[in-house]
Structure formats: structure tokens, C-alpha cells
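The values are calculated or read from the model by the stated rules, or taken from the named source; none is laboratory data. Please read all numbers here as calculations on a predicted model, not as lab measurements. Cβ atoms come from the backbone with ideal geometry, glycine included; neighbour counts cover every protein chain shown.
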């Protein structure tokens, strides 16, 4: 998709903006557009490293996903259980992306309902349209990981809790239904990704605080809501209790990771958060929170500052980000993908902000849509990490007796997926510590980088060929350590991979 096509893409958006006064038809149009965009070339993208891990987990026995071996996997098993169904129906890893795509499409009507409840019909139509064309949400909806499902469940929990907070006097039974929906969605979110612990906490803070006894306007209805809210969260805790032992085992000191850079003093945490939002992984150049929408979000928050309901979305995002920063002080939690939920709610907040723009509300929505369209090429054609190219090079270049050093054991998963077999090749995993405890079928034990470099030089001296595959953005320490004592005849750098082939140094005559 080139820049020349953007005017043609913007024209339908301008025509659709005329329907914003009729939100019902636009909801149907937004859902259809969302389906088309999330289905576009969904199975043709090259696998990301984490997607290959999804394929591995999804083929494990059910008792491993939900039993004691699950302590080895950093994330809860609900998403893997859904992709387990795809895998055992003979589906490929690429087809497992459809679980995320379905979750992503369902977020569109939920965004419509949230914005309608908080700010009216125009905001609902704008929210459905903006979420449907959101490049950030499209990208995460084509990604075979748990993030799109997490967004769906958090969005559902938000809608249920907001509706339960302000029912009509004759609608107590429906309020119970909303609390039940919140409990089910929140518990399912906790079983989808550990980020949900922080996000659900932020949701409860932003919705519950105005109902605390003693707050302005607090009365019998508010106190009744608080009691029901406590009961609903006790139900969530009870549903999550069976998994608490696994969570505590993963958070034990032996398994804990070092503190993240957010421990730095001063402005460093804010700078780190901004950098994480604006330059995420794995879709380079596509921030999960569209920073261009911040002015209209701020405008809407100011115009609707007296509306407790309209402020709930902005408060949710701000509190969620703050709690994620605090939680990352003790356990790495914050990256671009875990911020995807905030991107969707920021989009809803932007739609509410557009609805508060008076006579300029339609142009504001059109501008927001056009801005989203400019980033669609990045979402629909993410930059490959290079597994297909590296697998082809290894398939054509390796032979029995060669040695391959790689810095991640699970790198074998995408390489095998694209047709390379390590049969006859001695595979060594180079790492200072076991960063992948879940990969239980590695071909060999871990080798420290210094020992790997010495071993590689010994193999080269014995006349063997040495391949080095390094995954990540940093340089390969093994390759640098053996470069001076060997001849590098192949060096292929892809989006996230570095492949080198070293031969013994031929002595000079």
C-alpha cells in the first residue's frame, strides 16, 4: 500500500462520517471493515519468535497446560487452551492467529457499547469506527499470542463494571448479571495473561473510588454497590485461587528476574514508559498508544471533566499505566505488547473526545481515521524477523558434523517450522542462565558464552564448520570471539537474526 492510495482510502472515511449521526448502521459497517482488515493476509505473515512458542505450547498435553508443569510457562493457559483446539484439529500455527482475530473483531461492538454508555450515540459510532481501523489493534489481532484475547476480556469487564455501578432503581436483577459478567471476564483475563492482575486492579480503582463511603454523594445505593463489588471480587479471587500456587512459584526468588530499568531515579521511569509506548516490539514504528490522538483525548477529558462516567476511560488508562510502571519495579511487565489494552481504551477515549468537539466533531473523527489509515501498511505487512530466510540458508548449507550455536533454544521451533531439521548437526545453546525454562525438549544443556567461544575455536581447529545464529538486536558474543581465529564465509543479517558460518583459517604459504 503506497501513499498515493491514501486519498482513495480517505474518501470512503469522509462519506462514512456522514453516518455518524446514525450509529447503528455505522456499527455494522465498522464490524465488517474490522473483519476485512483483521482477515487480510492473516496466514501469510512470517512467524514471530513468540508465535512459534505458541505453537509449541498448544501441542502440549492438556495436563501439562493446566497441571504442575505449567509453572514452567510464564503465562496462564487459557489462550493456549483455545489454540490447543486449533492445533488438535490439524491447524497450523498461522491458523492459530484466528483466535486473536475473532477476539479483535468482538472488541469493536464492545467499544461501541462503552462509548455509547459513557458519552452517547455519536461517541459510540466514532469508537466503533476508530477501533475497527486502529492499526495497533489490527496488528495485535493478527498475532498468535494472548494479547487480543486479554483486550477483549478486559473490555468486557470494564463494560460490565461500569454498567453495574449505575443501574436504574428497578433494575437490580440486571445489576447482578453485570457483576456476574464482570467476575467471569476478570477471572478469564487473569487466566489469559499475568498483566491482567495489574489491569484489573486499575479497573477497580477507577470505578470503585467514587463509590467509597464518605465520598461526595455517597448513599445507600453507593454502599450497596460497594458490598456487591466486594462480593464480585471475592468470586474473582476464588476462581483464580487454583492458579495462585503456580503464580507464587513463578514469583519465587529462585525464578525472579532482575529489576527492570524503571528503578532508576528521577525522570527515567517516564522516559522509559514513553519510549516503550512509541517504539514497541515486534512491529517497529507502530506505537500501541497512538500518540497523535493525545490532544483530542486531553480535549475530551477537559470538556467532560464533570462527567464521572466519561472520565472513567482516561482514568483507567492512566491508572493502568502507573500500576504497570510500579509493578515493573519488581517484575518485568511493561513492553509494547502488554500495552495493547491501553491503546484500545485510548482510542475509545479519543472517540469520546471527538464527540465533545461540537460542530467540529465530524471533521475530528475524519482526521483521526485518516491518521489511522496512514499506519495501516505497517500493521498489515509487519517486518519479518527472518526465520524463513535463515531456515532456507541452514537447509541449504548445514551438513552432518557441523556445529550450530544459538542463544535461544526455542529458536529451533520457527526454524523447524520453515523446513530445517537439525539432524546430524550438533546444536549448542549459548546462555548464562536458563531464560527458557518452559522449553523442555532442548537438544543439549546450556553453555556459557566464554565456554562456547573456546569450544567453537577448538572445533574449528579440528577442521569442523561452525554456524552461529543470534536472535535479538544485540551482537553475537560467540561470533565476535571466534572471528579472529577463523574465516567467516557467510554473514546474513535479517530483521531480528544474525547468521554466520565460520570455517577453519587456512594457513598462509
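General remarks:
- For segment 373-381, the condition holds for no residue, the condition being that it is buried (at least 20 other Cβ atoms within 10 Å of the Cβ), in the same structural domain as residue 472 (by TED's automatic domain parsing) and not in a helix (DSSP H, G or I).
- Test: residue in segment 159-166 that is in a loop (DSSP other than H, G, I, E, B) and surrounded by fewer than 22 Cβ atoms within 10 Å (Cβ to Cβ): yes
- Tabulated pairs, segment 224-240, first within 12 Å of residue 176 (Cα to Cα), second assigned to a helix (DSSP H, G or I) and at pLDDT 90 or above, C-beta under 6 angstrom, 6+ apart or interchain: 228/179; 232/179; 232/182; 232/183
- Cβ-Cβ contacts under 8 Å between residues 6 or more apart (or on different chains), taken from a first residue in segment 456-467 that is not assigned by TED's automatic domain parsing to the domain that holds residue 479 to a second residue that is modelled with pLDDT of 90 or more, are absent.
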